Amino acid sequence: MYNEYINRLSRKINARLSDIESIYNFDFGDEFEVAMCLLLEDILPSKYGICRGFVVSEAGVKAGDDLIIFDRLSFPMLRAYRGCEYAVKEQIPVEAVYAYIECKHSIRDNITLETAINQARKVKSLLMKRNCINNNLYELAGPIYNGKTRDWPRQQPRYKNQPFCAIITRTFSTEWPIKIAHDELTPDLVILGANHLATQSVVLGPDGIKGALFYDSEFWSGLRVENVGGNAWGIGIVFLMQALSMIELSPIDWTRTLNYEFANVIFGNSEKS
């Protein structure tokens with residue numbers, strides 16, 4: 001479809017990563033994170049900011065230390081974030097985060113994979129503590145077709161600002177772990193090199209198991225790995241873009257931050273006295 005867009009995108013991404021690797025080398029994880037920042041900056045629409053760093057709550061609780069896709073309009077950076085600037089890790093408010101991506105150049109054992117999953121879970125847990133915006137388009141009982149409720153995957157997330165977390169690795173050479181926590185904190189997307197992809201899935205009775213963009217509390221079946229024959233990058237990035245297009249963030253409310261800073265100026269900081 002679209003003149004084999006996904007096939008072409010997969011080939012371009014593989015070629016682009018090879019070009020970046022010739023410059024940065026991928027001996028260390030940081031270089032691969034920078035490469036993914038450069039790659040996503042070229043692909044995603046300009047309203048999405050890309051950086052490396054931490055997701056942080058208003059109370060100062062932090063999680064993650066890899067790649068963040070954030071709302072550039074509501075949280076503009078104080079510096080130009082291109083090329084070598086990705087070496088600096090930022091702190092992005094939870095309200096401005098569209099997605100978090102845990103990047104690993106290589107996953108060769110289950111310990112590394114489980115560590116990446118746990119990092120993504122911590123970020124997702126923190127994001128879920130922000131004020132959730134109910135999605136009026138979410139079909140609680142399931143999609144309605146021809147006047148009947150169907151047990152099909154819901155196309156819309158429960159919340160407009162639904163957290164989305166992913167794991168990306170360029171090379172993958174281990175068995176997918178059998179035991180992964182099956183709950184709302186599980187990563188939504190895992191790109192396992194050029195050939196394999198894991199996504200959320202739902203159980204649909206006689207219709208079997210189908211893929212889904214977001215966690216579904218009613219029919220969830222866990223993360224399922226598929227061999228997509230060299231198209232994991234193209235499918236995974238389009239999957240990410242589709243999820244991002246369905247997420248709506250609310251503006252950051254700076255009221256308490258401003259009140260706190262003005263109070264410090266007027267009354268002094270008691271900790272310094």
Original post:
Does residue 141 fit the bill of being among the small types (Gly, Ala, Ser) and at pLDDT 85 or above?
Top reply: no
**OP:** Answer yes if at least one residue in the stretch 153-160 is closer than 23 Å to residue 246 by Cα and in contact with a Lys or Arg (Cβ under 8 Å, 6 or more places away or on another chain), and no otherwise.
**Re:** yes
**OP:** For residue 184, indicate whether it is exposed (fewer than 15 other Cβ atoms within 10 Å of the Cβ) and either of a type in the set (Lys, Arg) or part of a loop (DSSP other than H, G, I, E, B) (or both).
**Re:** no
**OP:** Filter the stretch 132-158 down to residues that are closer than 17 Å to residue 208 by Cα and surrounded by 15 or more Cβ atoms within 10 Å (Cβ to Cβ), then give me how many there are.
**Re:** 5
Original post:
Does the stretch 203-254 hold any residues that are part of a loop (DSSP other than H, G, I, E, B), among the small types (Gly, Ala, Ser) and under 23 Å from residue 44 (Cβ atoms), and which are they?
Top reply: 230, 250
**OP:** Could you name every one of the strands (runs of 3 or more DSSP E) located completely within the stretch 38-131 that has at least 3 residues being modelled with pLDDT under 90, among the small types (Gly, Ala, Ser) and surrounded by 14 or more Cβ atoms within 10 Å (Cβ to Cβ)?
**Re:** none
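The values are calculated or read from the model by the stated rules, or taken from the named source; none is laboratory data. Please read all numbers here as calculations on a predicted model, not as lab measurements. So basically every Cβ, Gly included, is an ideal-geometry build from the backbone, and we count neighbours across all protein chains shown.
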